[in-house]
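Following: one structure in structure tokens, then a few remarks.
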């Protein structure tokens, strides 16, 4: 049989644990709302990648869609289409890498300080 003191202590611990779970649940809901808000802003983020010493430039938005491709006039009549294609691919890949970093930073800042500090879990790499 458990003495009354121990029962009271166990009940207090259970209530405290329940409060912590509710607090964590509220933080998760708050984080979800902030992430949704940040995602709506992503379309306004822009990143540029270039190749061929600036001869080809590609602009992408936060939804990872190509918005613009600019080419130096000297490439318009280029006979080596494979080289031109390679430059476009390289510039696009650089732009995508740049926008991925911006997206990660935007989402991370939206949830800064909201995720619990759990040893061994790095929520910073979540985005």
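Remarks
- Each peptide among 94-102, 26-34 gets the average number of other Cβ atoms lying within 10 Å of its residues, and from highest to lowest they stand as 94-102, 26-34.
- Once the Cα-Cα distance is subtracted from the 0.36 nm per residue extended length, the residue 25 to residue 41 segment shows a gain of 3.3 nm.
- Here is the P(r) of region 4-113: all C-alpha pair distances, binned every 10 Å from 0, give 14, 26, 18, 14, 11, 8, 5, 3, 1, 0 in whole percents.
- Ellipsoid semi-axes in whole angstrom, largest first, where each is sqrt(5λ) of the Cα gyration tensor of region 26-83: 39, 8, 8
A short reminder: the numbers here are calculations on the coordinates, not readings from a lab. The model shown is predicted, which means the values in this text are computed figures rather than measured ones. Please note: Cβ atoms are built from the backbone with ideal geometry, for glycine as well, and neighbour counts cover all protein chains shown.
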